[in-house]
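Undergrad: One structure, pasted below without further comment.
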Amino acid sequence: MKKKLYTRPVSIVMPEKMYEQISVLTDQQEISVSDYIREAIQEKLSNEIAANKEE
């Protein structure tokens, strides 16, 4: 498996309840919290870009 290269560390603060929910989901999906957050951000960016193209 090829290792992904990430170059920019980012720190975020979130409510404890949100982290707990993410932790449960990532445990079920057997992925890291970081992977989950990266996927969520990528989805948000894709939606924003698509919305801007429609305007």
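Undergrad: Go through segment 39-55 and give me each residue that's open to solvent by 80 Å² or more (accessible area, probe 1.4 Å) and either acidic (Asp, Glu) or more than 13 Å from the chain's Cα centre (by Cα) (or both).
TA: Selection gives Glu39, Glu43, Asn47, Glu48, Ile49, Asn52, Lys53, Glu54, Glu55.
Undergrad: Could you run through segment 1-38 and say how many residues are assigned to a helix (DSSP H, G or I) and either in contact (Cβ under 8 Å) with a residue 24 or more places away in the chain or open to solvent by 60 Å² or more (accessible area, probe 1.4 Å) (or both)?
TA: Within segment 1-38, residues that are assigned to a helix (DSSP H, G or I) and either in contact (Cβ under 8 Å) with a residue 24 or more places away in the chain or open to solvent by 60 Å² or more (accessible area, probe 1.4 Å) (or both) number 15.
Undergrad: How many of the residues making up segment 39-55 are at pLDDT below 95 and basic (Lys, Arg)?
TA: Result for segment 39-55: 1.
The values are calculated or read from the model by the stated rules, or taken from the named source; none is laboratory data. The model shown is predicted, which means the values in this text are computed figures rather than measured ones. We place every Cβ from the backbone using ideal geometry, glycine too, and count neighbours over all the protein chains shown. For accessibility, only protein heavy atoms count, side chains too; no ligands or nucleic acids. Shrake-Rupley method; radii C 1.70, N 1.55, O 1.52, S 1.80 Å.
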